Amino acid sequence: MCGIVGYIGHRDAFPIIIKGLQRLEYRGYDSAGIALFDGSQINLVKTKGKVEDLRTKANSISQEGTIGIGHTRWATHGVPNDVNSHPHYSNSGDLVIIHNGIIENYESIKKELTKRGYNFTSDTDTEVLVNLIEEVKKTEDVKLGQAVQIALNQVVGAYAIAVFDRKKPDEIVVAKLGSPLAIGIGEEEFFIASDASPFIEFTNNAVYLEDEEMAIVRLGKEIKLRKIKNDAVAYPRILELQMNLEEIEKGGYDHFMLKEIYEQPRAIKDTYRGRLLADQGIIRMAGIDQNLEKFMNANRIIIVACGTSWHAGLVAEYIFEDLARIPVEVEYASEFRYRNPVITEKDVLIAISQSGETADTLAAIKLAKEKGAFVFGVCNVVGSSIARESDAGAYTHAGPEIGVASTKAFTTQITVLTLLALKLAKEKGTFSETKFHEFLTELETIPSKVERALEANPLIEIISDVYKDSTNCLYLGRGYNFPVALEGALKLKEISYIHAEGYPAAEMKHGPIALIDEHMPVFVIATKKGHYEKVVSNIQEIKSRKGKIIAIVTEGDEQVKELADHVIEVPETLESLSPLLTTIPLQLLSYHIAVMRGCNVDQPRNLAKSVTVE
Ligand code: AGP
């Protein structure tokens, strides 16, 4: 939920850390801070507000130093204010720490440390942790690395920390459990961060710490990796990352969200690249190929996810049951993990997560693994916690998704899950060779059809202006497009703050139709394939009650055009692939309405990109 950045090397640490924090603001942005060692003392400044506010406030301190740590926060313990911001000093002023996560037993530790004469200036769990490390260092008379290892065996919770000692300023100690931490390896320099975006312009060699691993990052030395539990030596796995900086920057768009909406043709193509070999009639996915019998012999597939990823899971339910005839149930991870579900080793659990760090989804995976289920992860972030916790998986190759509102993650998740369902349908023989080939060929046309759907953007902007002041909206869809209606409503809610609800179109007569009047915009997905006639009659019911109708239709549709106030066309495709197209206009609608309302599209209020706390 927070972003951490550290640097030790031959460059000035200040600009690297500040720019790195700006790249991580999507992880949380209610306060920020930085600590630098200038050769004789630690200079620390922190503030409520954004990284830009920190940069301004940092004019009050020396910005010298080639070792430093920085933090951008999304508050979990202690309200967002200056004193609760990170970094935090230990009582002696020798140690300074940054932390992403939650120490669940910090109160009992704080009580004990208070008894031993420690005092605390903040309400945070992090300040307790740095003083626990100090206490261990003093009483056990050990170096910082050892003190961190011993101290962390006394805490319960999740953390990604970086801590250094002004008396030994040639090293930074880092540790990880439940929150992400990557180490960028440069020439005579090391970078520490929650993900690779702060250091990708300097190096694409990185080590992602595993859970319960720590490292001593010392200049001129190899990274020393240790297991926190028993101090055993661990061996770094150096990844060569493919992400480059321009993927991070906005690339000429006003917002990351718009850039990411327009990246979807490329992202979908990258996601099936190397996996979909239509001309050979093959789908190649190592994570499936090596575990095919798990899927083929599964009693059922349980899909766990949150938010938009949960909507992708709902689309997958329709695909798996319709094409591969495998029973599927889709669960909110936050509900699944607490309801004592029946899970057996004959179950396959698919966890869907863009960030790969969502705490509830991670917890649901751990629960399923304890009960013997096989876990398959669908994540977008290489080396993320969920990716590494899963038994196998398949990455979406959407590239970094910076906008808090998920867009290309949604369509690439559906792409991966469609490939998976198709592969299983072929293996199970529920698909004829001809139908299989037709499907693969159609799937290959989707990127260009998404391009065509994006061409409606100018019309969508005009329609957005008509409805930007609405207070409530309804989204309706049937079949494969019911989850898209839910997703469209979530998009509008989370970035424009307009209340919106998604419903199965047929549900209107069971209550929601009472809401319809001339002030209620109703976005209806009415594409040709999939209960078209029934959706048309739903539109007529709404029209007869003066509801405003904005319909997503198949190119060339004349019938709905006669009924609706506005129509937005998408190219024709198979019903099971239509969510990849019908979601595009709904993403653009929510984007334009939010911009017109002056909302912070990339960083909506109260939200963070990665929900790593419960
Ligand atoms: C999507 O627009 C939201 N920002 C949010 O619902 C998100 O999908 C959810 O928090 C799950 O995140 P994940 O995919 O990273 O697990």
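Couple of notes before you dig in:
- Cα pair count fraction exceeding 30 Å, expressed as % - the chain: 55 percent
- Here each label is just a point 7 Å from Cα along the line to Cβ, and for residue 321 and residue 120 those points are 4.9 nm apart.
- Anchor residue 110: aspartates and glutamates whose Cα lies under 15 Å away (excluding residues fewer than 8 positions away in-chain): 123, 125, 127, 134, 135
- Inverse mean reciprocal Cα-Cα distance (Kirkwood Rh) of the stretch 531-614, Å: 15.3 Å
- Rounded to the nearest 10 degrees, the angle from helix 482-496 to the longest Cα principal axis of the chain is 50 degrees.
- Each residue of the stretch 156-161 was assigned a 3J(HN,Hα) from its phi angle through the Karplus expression (A = 6.51, B = -1.76, C = 1.60, θ = phi - 60°), giving 10, x, 10, 7, 10, 10 Hz with x at Gly and Pro.
- Highest-first packing order for the peptide set 290-299, 213-222, 22-31 is 22-31, 213-222, 290-299, based on the mean count of other beta carbon atoms within 10 Å.
- The orientation-averaged projection of the convex hull spanning the C-alpha atoms of the stretch 284-407 amounts to 7.2 square nanometres.
- In this structure, the residue pairs whose Cα-Cα separation is over 23 Å, taken from 294/428; 115/229; 371/609; 167/227; 50/366; 143/229, are 115/229; 371/609; 167/227; 50/366.
- Cα-derived Rg over Rh, computed across the stretch 297-359 with Rh taken as Kirkwood radius: 0.96
- Eligible lysines near residue 543 by straight Cα distance, threshold 27 Å, same-chain separation 8 or greater: 468, 491, 493, 509, 528, 529, 534, 561
- For residue 31, residues with placed amide H under 5 Å, excluding near neighbours: 49, 73
- Computed from backbone phi with θ = phi - 60° and the Karplus coefficients 6.51, -1.76 and 1.60, the 3J(HN,Hα) list for the stretch 35-48 is 9, 10, 10, 9, x, 10, 9, 8, 10, 10, 9, 8, 7, 5 Hz; x is used for glycine and proline.
- Rounded to 10°, Cα long-axis angle of helix 13-23 versus longest principal axis of the chain: 20 degrees
- Put simply, when 400-411, 355-366 are sorted by average Cβ atoms within 10 angstrom per residue, most first, you get 400-411, 355-366.
- Average Cα contact separation per residue, the chain, under 8 Å, 6 or more apart, as relative contact order %: 11 percent
- Unit Cα scatterers, Debye sum, the stretch 166-281: log10 I(q)/I(0) for q = 0.12, 0.21 Å⁻¹: -0.60, -1.12
- Note on the stretch 225-346: Rg/Rh from Cα positions, Kirkwood definition for Rh, rounded to two decimals, is 1.05.
- Ranked by the mean number of other Cβ atoms within 10 Å of their residues, highest first, the peptides 605-613, 474-482 come out as 474-482, 605-613.
- Each residue of the stretch 142-152 was assigned a 3J(HN,Hα) from its phi angle through the Karplus curve 6.51 cos²θ - 1.76 cosθ + 1.60 (θ = phi - 60°); the sequence is 10, 6, 4, x, 5, 4, 5, 4, 5, 4, 5 Hz, with glycine and proline shown as x.
- Other residues whose C-beta falls under 13 angstrom from the C-beta of residue 347 contribute a net charge of 0, scoring Lys and Arg +1 and Asp and Glu -1.
- Acute angle (nearest 10 degrees) that the helix 125-140 long axis makes with the longest principal axis of the chain, alpha-carbon atoms: 30 degrees
- In summary, the convex hull built on the alpha carbon positions of the stretch 446-554 has an orientation-averaged projected area of 6.8 nm².
- In the stretch 275-323, Rg over Rh equals 1.03, where Rg is the alpha-carbon radius of gyration and Rh the Kirkwood radius from pairwise Cα distances.
- Across all Cα pairs in the stretch 337-437, the calculated P(r) in 5 Å bins from zero up to the longest distance comes to 2, 13, 20, 19, 18, 14, 9, 4, 1 percent per bin.
- Considering the stretch 178-241 at the alpha-carbon level, its Rg and Dmax are found to be 11.3, 35 Å.
- The relative contact order of the stretch 249-345 comes to 18 percent, based on Cα pairs under 8 Å that sit 6 or more residues apart.
- Projecting the Cα atoms of 72, 191, 235 onto the charge dipole of the chain (Cβ charges, centred on the Cα centre) puts 235 farthest toward the positive pole.
Bear in mind that the values in this text are calculations on the coordinates, not laboratory data. Given the structure is predicted, the values throughout are model-derived calculations rather than measurements. Glycine also receives a Cβ, built like all others from the backbone with ideal geometry; neighbour counts cover every protein chain displayed.
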